[in-house]
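Structure record follows, encoded as structure tokens.
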Amino acid sequence: MEYSLSSPLVSLQWTPPAFGVVKINYDASKMQDITDTGFGCIIRDNNGTWQHGCAGCIPDTSALG
């Protein structure tokens, strides 16, 4: 099975939050032939220092089917 990107690659840069605030970045993905959805997140402070993170998968329970 072949997969391809449907949009051009974009260069992104992380922007720190204000002093005393943390920033949560997250993402999730689901492949068409796999029933689980994978996710991950990272929490960083205003210096960009890693504070906490998580990753895992959840079963497909979409109400939209």
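Could you grab me the full set of residues in segment 18-33 that are surrounded by 11 or more Cβ atoms within 10 Å (Cβ to Cβ) and aromatic (F, W, Y)?
Hit for segment 18-33 is Y26, nothing else.
What's the number of the condition V10 fails, among (1) at pLDDT 90 or above; (2) part of a loop (DSSP other than H, G, I, E, B); (3) β-branched (V, I, T)?
Against the list (1) at pLDDT 90 or above; (2) part of a loop (DSSP other than H, G, I, E, B); (3) β-branched (V, I, T), V10 comes up short only on (1).
Inside segment 34-53, can you point out the residues that are modelled with pLDDT of 90 or more, open to solvent by 60 Å² or more (accessible area, probe 1.4 Å) and assigned to a strand (DSSP E or B)?
Matches in segment 34-53: F39, W50, Q51, H52.
The values are calculated or read from the model by the stated rules, or taken from the named source; none is laboratory data. Keep in mind that this is a model prediction, so the values were computed, not measured. Quick reminder, even Gly has a Cβ in these numbers, built from the backbone with ideal geometry, and neighbours come from all protein chains shown. Just the protein is used for accessible areas: all its heavy atoms, side chains included, with ligands, DNA and RNA removed. Shrake-Rupley method; radii C 1.70, N 1.55, O 1.52, S 1.80 Å.
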